[in-house]
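J.: There's a structure below that I have some questions on.
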Amino acid sequence: MILFKDKENLKLDNQVSMKPEYLSHPYISGNKYRKLKYNLIEAKKTGKQVLLSFGGAYSNHIAAVASAGKEFGFKTIGVIRGEELRSQIANNPTLRFAETCGMTFKFVSRSVYRNKSDDAFIEQLKAEFGEVYILPEGGTNQLAIKGCEEILNISDQAFDYICCPVGTGGTMAGLINSSGKHQKILGFPALKGDFLQEEISKFATSKNWQLILDYHFGGYAKIDDELVAFMNDFKSRYNIQLDPVYTGKMMFGIYDLIAKGYFPVKAKILAIHTGGLQGIAGMNQKLKQQNRPQIV
Ligand SMILES: *Cc1c(COP(=O)(O)O)cnc(C)c1O
């Protein structure tokens, strides 16, 4: 765990620590490792040899599933959003990595992809690929949350606030379920929309949590130059790389809240670095095309 004090705000003396989940596995990035763990055990137990999941062009989850398949002896199938990507694998760092791990792709249009959790579509995939173990987009299910409940340990009880980025909300639900009553879990959604409140309520066993909705930067995978500058500055100060989709936005949010005096004096804040660093290469490609500053 890396500890630093926020020197610019000595008056508040908020103390920010980071739990480096991104170090939990070199390729099965951060929280995705936690989310896969019990699913992989279940897949083995039920004799499934193929994992099938869903994701976009730069999905951390797709990269994690492909890597886990390679490491633990499963075939993997990725249902990927966007038919145009079929001809772009070589230029896409995430898909290239997944393919290197042995993943087979099924590229579908955006409208077909929207059916990703419909029974009829799932049945169709089973007919096409046989006995597959299906992981939902983003990997969130009950077993994933069980895995995320293992992120916090007993020494983390010392913190007043636990912060995490939010995509589907599974990671946050796991943190909530393993937190102490005296703690507050703050989730920083990486996307717009108020459906997350309900999603997390479905899985969360207590009410000591809140979503901070102001730091999505325009939506999922949308970023601006200010965020990139913040991430690069953070890296030069602490030698910790942040990812542009999730952890960058969360840390920006935490620092902004500290500057605004959101946290009480001497609050001890734990930020969960959930990984996602494989996404930097893809984001930098886009930034380069647009002639904008890149992530270092
Ligand atoms: C997937 C992901 C998240 C979001 O996790 P959810 O459980 O879907 O909310 C956060 N951070 C990183 C780096 C991720 O890859």
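J.: Which ones in the stretch 84-119 are out of contact with any Ser or Thr (no Cβ under 8 Å at 6 or more places or on another chain) and part of a strand (DSSP E or B)?
T.: Those that are out of contact with any Ser or Thr (no Cβ under 8 Å at 6 or more places or on another chain) and part of a strand (DSSP E or B): Phe105, Lys106, Phe107, Val108.
J.: Return the pairs, sorted by first residue and then second, in which the second residue is part of a strand (DSSP E or B), the first residue lies in the stretch 211-226 and is of a type in the set (Phe, Trp, Tyr), the beta carbons are less than 7 Å apart, and the residues are 6+ apart or on different chains.
T.: Tyr215/Phe188
J.: Is it the case that Ala127 is more than 11 Å from the ligand (Cβ to nearest atom), more than 20 Å from the chain's Cα centre (by Cα) and not in a loop (DSSP other than H, G, I, E, B)?
T.: Judged against the criteria, Ala127 is a match.
J.: Of the conditions (1) modelled with pLDDT of 95 or more; (2) farther than 16 Å from Asn60 by Cα, Met283 satisfies every one except a single condition; which number is it?
T.: (2) is the only condition that Met283 fails.
J.: Continuing with this model, one more query. Of these, Asp224, Asp214, which one is at pLDDT 95 or above, more than 15 Å from the ligand (Cβ to nearest atom) and either within 22 Å of Leu287 (Cα to Cα) or touching a strand residue (DSSP E or B) at 6+ places or on another chain (Cβ under 8 Å) (or both)?
T.: Asp224
J.: When residues of the stretch 74-94 are filtered for being touching a strand residue (DSSP E or B) at 6+ places or on another chain (Cβ under 7 Å) and not basic (Lys, Arg), how many remain?
T.: Qualifying residue count, the stretch 74-94: 9.
J.: Could you say whether any residue in the stretch 33-43 is of a type in the set (Asp, Glu), part of a helix (DSSP H, G or I) and modelled with pLDDT under 95?
T.: Within the stretch 33-43, the first condition is being of a type in the set (Asp, Glu), and the residues that meet it are 42.
With the extra rule that they be part of a helix (DSSP H, G or I), the set shrinks to 42.
When the remaining residues are screened for being modelled with pLDDT under 95, the result is none.
No: zero hits.
J.: Condition check: in contact (Cβ under 8 Å) with a residue 12 or more places away in the chain and farther than 23 Å from Cys148 by Cα. Does Ile176 satisfy that?
T.: Criteria not met by Ile176.
J.: Which numbered condition trips up Pro26, out of (1) at pLDDT 95 or above; (2) closer than 21 Å to Gly279 by Cβ; (3) surrounded by fewer than 18 Cβ atoms within 10 Å (Cβ to Cβ)?
T.: In the conditions (1) at pLDDT 95 or above; (2) closer than 21 Å to Gly279 by Cβ; (3) surrounded by fewer than 18 Cβ atoms within 10 Å (Cβ to Cβ), Pro26 misses (1) alone.
J.: I'm told Ile151 meets every condition in (1) within 16 Å of the ligand (Cβ to nearest atom); (2) closer than 21 Å to Thr46 by Cα; (3) surrounded by 15 or more Cβ atoms within 10 Å (Cβ to Cβ) except one. Can you identify the failing condition by its number?
T.: (2)
J.: Among (1) on the phi > 0 side of the Ramachandran plot; (2) among the small types (Gly, Ala, Ser); (3) surrounded by fewer than 23 Cβ atoms within 10 Å (Cβ to Cβ), where does Gly139 come up short?
T.: (3)
J.: Among the candidates Ile185, Ile223, Ile258, which residue alone is assigned to a loop (DSSP other than H, G, I, E, B) and not charged (D, E, K, R)?
T.: Step by step, each of Ile185, Ile223, Ile258 is checked, and only Ile223 is assigned to a loop (DSSP other than H, G, I, E, B) and not charged (D, E, K, R).
J.: Please indicate, with yes or no, whether at least one residue in the stretch 272-288 is closer than 25 Å to Ala144 by Cβ, away from the ligand (no atom under 14 Å from the Cβ), part of a loop (DSSP other than H, G, I, E, B) and of a type outside the set (Ser, Thr, Tyr). Write out each step before concluding.
T.: Pass one, the stretch 272-288, residues closer than 25 Å to Ala144 by Cβ: 272-280, 282-283.
The next check asks that each one be away from the ligand (no atom under 14 Å from the Cβ); those that pass are none.
Scanning the stretch 272-288 turns up no residue that is closer than 25 Å to Ala144 by Cβ, away from the ligand (no atom under 14 Å from the Cβ), part of a loop (DSSP other than H, G, I, E, B) and of a type outside the set (Ser, Thr, Tyr).
J.: Same structure again: Show the residue pairs that are 6+ apart or on different chains and have beta-carbon atoms under 6 Å apart, the first residue being within the stretch 188-200 and among the basic types (Lys, Arg), the second being loosely packed, with under 14 Cβ neighbours inside 10 Å.
T.: Lys192/Gly219
J.: For the stretch 72-83, does any single residue satisfy the condition of being basic (Lys, Arg), within 16 Å of the ligand (Cβ to nearest atom) and not in a helix (DSSP H, G or I)?
T.: Checked the stretch 72-83: at least one residue is basic (Lys, Arg), within 16 Å of the ligand (Cβ to nearest atom) and not in a helix (DSSP H, G or I).
J.: Would you be able to say whether some residue in the stretch 171-184 is over 15 Å from Lys19 (Cβ atoms), modelled with pLDDT under 95 and out of contact with any Phe, Trp or Tyr (no Cβ under 6 Å at 6 or more places or on another chain)? Walk me through how you get there before you give the answer.
T.: Step one: of the stretch 171-184, the residues over 15 Å from Lys19 (Cβ atoms) are 173, 176-177, 180-182, 184.
Now restrict to residues that are modelled with pLDDT under 95: none.
No: zero hits.
The values are calculated or read from the model by the stated rules, or taken from the named source; none is laboratory data. The structure displayed is predicted, hence computed values, not measured ones. Reconstructed Cβ throughout: ideal geometry from the backbone, glycine too, with neighbour counts over all protein chains shown.
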